[in-house]
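Report on the structure given below.
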Amino acid sequence: MSDHTIDRDTPMARLRELAMDQRREVAPLPARLAEAQRRHARAQQSGWDVSDVVVTKDGRIALLQEDHTQVVSRVTTQIFAATMERQEAERVHRHLPANTRRFGDGWAYTVTNEFGDVFDLYLYWDRYTHSHRVRLLAPAIEELGDGHRHHIYGDGHICLSDHPGGGQKYINNAYAESVQWCNGVGAVLRGHPWPWGE
C-alpha cells in the first residue's frame, strides 16, 4: 500500500503532510490508472459514449478486456460533473490566488502576509454548516493553544465570522477573510492586539 493512501482514519497531520507534498511535486499516477486515463481520453476524442474502462464489483477500475465476470458498469465518456465543475473553476479562477491548486473537495493556496509570514490554507464548502470554511495547513498555529486570541479552532479551522463553524457564504468572502486573518495573526504573534476588532 502506498504511503499516499488515505482513509477515514488518516490523522489530520498526515492529511496536511499529503496536501503540502502535493503542492511541491505531483506523484506519478499508478500504472493501471494511467492506462485507464489514456484509454478514457482516447474514447472521448473518438466521440464514443462509453470507454473500455469499467468498474468492478469490488470497487476497482479495470479495463473491459481484463475481467468480464466482475464488471458492474462501463464508464461513460461524459465530463464528470461538467457544469458544476466549470462554474466552480470560474469562481476559483476569479476569486482565489494564482497559486491555488485543487485538492480533494477544496482548494489549497498560499498567502504571504505583510510581515512576510507564509501560510498554507485550504478552502472548501462545508455542507454541514452551509458555508465556505478555511483550514490552516501550515504553520500549526492552533497548537499554540490560544484559539480565542488567534481566532482559530483547535482543529485548524480559521474563525472567519460569527456564523456557526466560522465560515462564509461566498467563496470570495472566505478568501478575503482568510487573507485578513493571516495579517491579523501575524500582528498578534508580534505582540499587537487583533487589528480587526474583537
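The values are calculated or read from the model by the stated rules, or taken from the named source; none is laboratory data. The structure displayed is predicted, hence computed values, not measured ones. Note that each Cβ is placed from the backbone with ideal geometry, even for glycine, and that neighbours are counted across all protein chains shown.
Could you list, in sequence order, the residues of region 97-124 that are in contact with a Pro (Cβ under 6 Å, 6 or more places away or on another chain) and among the polar types (S, T, N, Q)?
Step one: list which residues in region 97-124 are in contact with a Pro (Cβ under 6 Å, 6 or more places away or on another chain), which gives 109.
None; the set is empty.
Suppose we keep only residues that are polar (S, T, N, Q) and not in a strand (DSSP E or B) within region 112-157. Which one would you say is surrounded by the most Cβ atoms within 10 Å (Cβ to Cβ)?
Taking region 112-157 first, the residues polar (S, T, N, Q) are 112-113, 129, 131.
Within this subset, residues satisfying the condition of being not in a strand (DSSP E or B) are 113, 129.
Numbers: Asn113: 17, Thr129: 14.
Within region 112-157, the match that is surrounded by the most Cβ atoms within 10 Å (Cβ to Cβ) is Asn113.
Six or more apart or on different chains, Cβ under 7 Å: which pairs go from a residue in region 101-127 that's outside the structural domain of Asn173 (by TED's automatic domain parsing) and touching a residue at least 40 places away in the same chain (Cβ under 8 Å) to one that's of a type in the set (D, E, K, R) and in a strand (DSSP E or B)? Could you list them?
Nothing qualifies.
Restrict the check to region 160-174 and report whether at least one residue is out of contact with any Asp or Glu (no Cβ under 9 Å at 6 or more places or on another chain), among the aromatic types (Phe, Trp, Tyr) and modelled with pLDDT of 90 or more.
no
Within region 91-150, can you find the residues that are acidic (Asp, Glu), under 12 Å from the mean Cα position of the chain (by Cα) and farther than 11 Å from Ala174 by Cβ? Before the answer, list the steps.
Of the residues in region 91-150, the ones acidic (Asp, Glu) are 105, 114, 117, 120, 126, 142-143, 146.
Checking which are under 12 Å from the mean Cα position of the chain (by Cα) leaves us with 105, 120, 126.
If the condition is that a residue be acidic (Asp, Glu), under 12 Å from the mean Cα position of the chain (by Cα) and farther than 11 Å from Ala174 by Cβ, then Asp105, Asp120 are the ones that fit.
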